[in-house]
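Written below as C-alpha cells is the structure these notes are about.
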Amino acid sequence: MHTEIRAIVASLFVLTVAACSGNRGAGPGDQVVQQNIEAYQRALIARGVTGGSVAGVFRGGDTVAYSMVNSGVAGDAPISPNTIFPIWSMSKPITIAAMMILHERGLYEVSDPVSKYIPYFSTLNCKDEDGQIYRCENELQIVHLLSHRSGYGYYEQGKGPSHLDPYENLDQFVRDVAAHPVEFEPGTEYRYGINQAILGRVVEVLSGKEFFEFLSEAIFEPLGMANTKFELSPDDRKRFQVLFKKPDPPEVDDRFDEGISTFSTAHDELFYAPGTKAQFGGEGLVSTFDDYRRFCEMLLGRGTYRGTRILNERSIEMMTAVITEGGLTRGYNNGMDYGYSLFILSEPALDGTGSSRGIFGWSGYHNTHFWIDYEKNIYGLFMTRTVPYSGEIQKQFRAAVYRGLN
C-alpha cells in the first residue's frame with residue numbers, strides 16, 4: 001500500500017503546481033487545499049487504496065476545505081454526513097481526555113499505582129528477555145497506561161486478554177489483564193497496546209459511573225457528539241460504513257498477487273452490541289465525521305469548544321508533552337515523538353510533508369486520521385473504512401494540505 005500511495009503523491013504534485021498557478025489571488029490558499037484533498041481522495045480510489053472517504057481541514061469552526069468523495073464502486077456504500085465509522089484507536093485520545101478531566105478534579109495523580117484503584121494489579125508479573133516470569137520490581141502507574149509504557153501490548157485471541165473476546169464488562173476484562181504478565185518492567189519501554197482499555201475501568205472506579213455514562217456527561221453532551229458511542233442499534237447499522245478489505249501481504253495470504261479486494265460487512269471484529277458494558281476505551285467507539293470534528297475543534301481550542309471549556313490548558317500540555325522519543329519504527333526516526341497516546345511532530349524535516357513543528361494527533365485501525373496544528377490554527381480529519389491500516393494515508397493527506405497552505 002505504501003508504494004501505491006507514493007505513486008499517488010507523485011502524480012498529485014503536478015496538480016498542485018497547476019492549482020497554485022491558477023489561484024494566485026485566492027487569499028490563504030484554501031482553494032488550493034480543496035483541490036489537493038479532492039484529487040488525493042480520487043487517486044486513492046482510482047488506485048484501489050480506499051473506497052469512498054470524507055476529509056476536511058478547519059480553522060476552529062470555519063471550513064478551509066471539505067470533501068466527500070464516493071467511489072461508485074459496486075459494493076461500496078455512499079458516505080453522507082450521517083455515516084457512522086468505527087474509529088478504533090481514535091477512541092484513545094477521548095479516553096485520555098476523560099482521564100485529564102478526572103485529574104483536574106483532583107481524583108488521582110499520574111504517578112499513582114494502578115493497584116490503588118484496581119487491586120488486581122497489586123501482584124503484577126513481568127517477563128525477562130528469555131520469557132521467564134518474575135514478580136515486577138516497578139509498580140504499574142497511571143502514567144504508564146496514559147503513555148503506552150505499561151508493558152501490555154495487543155494480543156491475539158487465546159494468547160492474552162483481547163478486546164475481541166466477549167467480555168461482559170470492564171471489571172472482568174481488567175481482572176484477566178492483571179493476571180497476564182507484562183512484557184517488561186513498567187515505565188522502561190514503549191509498547192502500543194491495551195492501555196486505554198484498562199483506563200476505561202479506571203475512569204469507572206474514579207467517577208463511580210459506567211465508562212460511557214462518564215464520557216457522555218463530561219465530553220459527548222457538551223460537544224454535541226450524539227453519534228459517538230460503543231454500540232450500534234439496528235438503525236445505526238444501516239448507517240455503518242462498509243469495510244473495504246484489501247488482501248493481506250503475500251507472506252500472510254498468497255492471494256495478494258491476484259489483487260482480490262472486497263467490500264464487506266462481515267469483518268467488524270468488535271460486537272457493538274446494544275447495551276454493552278464492555279466499553280473499550282482504546283478501540284471501541286464509533287462516530288461520525290461531524291461528531292469527531294467537534295472533539296478536534298476542542299483540542300484546537302486548547303480545551304475550549306465554542307465557549308465551553310472541556311479541559312484546561314494544563315491538561316492539553318500534559319497530553320502533548322513528549323514522553324517517548326521517536327525511533328519506534330525499527331530504528332528509523334520519522335520525526336515523531338509520543339505523549340499520552342498522541343504523536344507529536346518534533347522534527348518536520350524527517351516527516352517531509354511540510355507540516356508544522358508540534359502538530360499532534362492519532363489514527364484508527366480502519367484508516368481514520370486526525371491532527372491538530374496550533375501554529376497554523378487548523379486541524380485536519382480524514383475518514384474512510386479500509387484495511388490494512390496505513391500511516392501513509394494520513395502522512396500524504398497532510399502533505400496535500402500543507403502544499404496548499406505553505
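Among the residues in the range 134-145, are any assigned to a strand (DSSP E or B), modelled with pLDDT of 95 or more, over 24 Å from residue 99 (Cα atoms) and not polar (S, T, N, Q)? Within the range 134-145, one or more residues are assigned to a strand (DSSP E or B), modelled with pLDDT of 95 or more, over 24 Å from residue 99 (Cα atoms) and not polar (S, T, N, Q). Filter the range 58-82 for residues that are open to solvent by 10 Å² or more (accessible area, probe 1.4 Å) and among the hydroxyl-bearing types (Ser, Thr, Tyr); which is nearest to residue 313 (Cα to Cα)? Among those residues, the one meeting the criterion is 63. For residue 382, are the conditions met, namely being closer than 16 Å to residue 92 by Cα, under 13 Å from the mean Cα position of the chain (by Cα) and among the hydrophobic types (A, V, I, L, M, F, W, C)? No; evaluated as a whole, the condition is false for this residue.
For the residues 214, 184, the requirement of being hydrophobic (A, V, I, L, M, F, W, C) and either open to solvent by less than 10 Å² (accessible area, probe 1.4 Å) or not in a loop (DSSP other than H, G, I, E, B) (or both) singles out 214. Residue 129 falls short on exactly one of the conditions (1) in a loop (DSSP other than H, G, I, E, B); (2) modelled with pLDDT of 95 or more, and that condition is (2). From the list 299, 270, the lone residue that is in contact (Cβ under 8 Å) with a residue 24 or more places away in the chain and in a loop (DSSP other than H, G, I, E, B) is 270.
Every listed requirement among (1) within 30 Å of the chain's Cα centre (by Cα); (2) open to solvent by 20 Å² or more (accessible area, probe 1.4 Å) is met by residue 133 save one, (1).
Sort out which residues of the range 57-68 are part of a strand (DSSP E or B) and in contact with a helix residue (DSSP H, G or I) (Cβ under 7 Å, 6 or more places away or on another chain), and write them in order of number. Give the steps one after another, and end with the answer.
From the range 57-68, those part of a strand (DSSP E or B) are 57-59, 62-68; that's our starting set.
57, 58, 64, 65, 67 - these are the residues of the range 57-68 that are part of a strand (DSSP E or B) and in contact with a helix residue (DSSP H, G or I) (Cβ under 7 Å, 6 or more places away or on another chain).
May I ask you to list the residues in the range 269-304 that are open to solvent by 20 Å² or more (accessible area, probe 1.4 Å), among the acidic types (Asp, Glu) and either in contact with a helix residue (DSSP H, G or I) (Cβ under 6 Å, 6 or more places away or on another chain) or closer than 19 Å to residue 235 by Cβ (or both)? 290, the sole residue that qualifies.
Based on this model, can you work out whether residue 54 counts as surrounded by fewer than 23 Cβ atoms within 10 Å (Cβ to Cβ) and touching a helix residue (DSSP H, G or I) at 6+ places or on another chain (Cβ under 7 Å)?
Details: surrounded by fewer than 23 Cβ atoms within 10 Å (Cβ to Cβ): no; touching a helix residue (DSSP H, G or I) at 6+ places or on another chain (Cβ under 7 Å): yes.
No: the conditions fail for residue 54.
Matching residues to (1) free of Cβ contacts under 8 Å to residues at least 12 places away in the same chain; (2) open to solvent by 70 Å² or more (accessible area, probe 1.4 Å); (3) over 26 Å from the mean Cα position of the chain (by Cα):
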site: 115; (1), (2), (3): no, no, yes
site: 121; (1), (2), (3): no, no, yes
site: 138; (1), (2), (3): no, no, yes
site: 142; (1), (2), (3): no, no, no
site: 154; (1), (2), (3): no, yes, no
site: 160; (1), (2), (3): no, no, no
site: 170; (1), (2), (3): no, no, no
site: 180; (1), (2), (3): no, no, no
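Residue 258 - would you say it is over 29 Å from residue 375 (Cβ atoms) and either open to solvent by 20 Å² or more (accessible area, probe 1.4 Å) or modelled with pLDDT of 95 or more (or both)? It is true that residue 258 is over 29 Å from residue 375 (Cβ atoms) and either open to solvent by 20 Å² or more (accessible area, probe 1.4 Å) or modelled with pLDDT of 95 or more (or both).
Applying the criterion of being under 20 Å from residue 364 (Cα atoms), open to solvent by 30 Å² or more (accessible area, probe 1.4 Å) and basic (Lys, Arg) to the residues of the range 239-255, the residue that is modelled with the lowest pLDDT is 245.
The values are calculated or read from the model by the stated rules, or taken from the named source; none is laboratory data. These numbers were taken from a predicted model, which means no experiment stands behind them. Here Cβ is always computed from backbone atoms with ideal geometry, including for glycine, and neighbour counts include all displayed protein chains. What goes into the accessible areas is simple: the full protein's heavy atoms, side chains included, and nothing from ligands, DNA or RNA. Shrake-Rupley method; radii C 1.70, N 1.55, O 1.52, S 1.80 Å.
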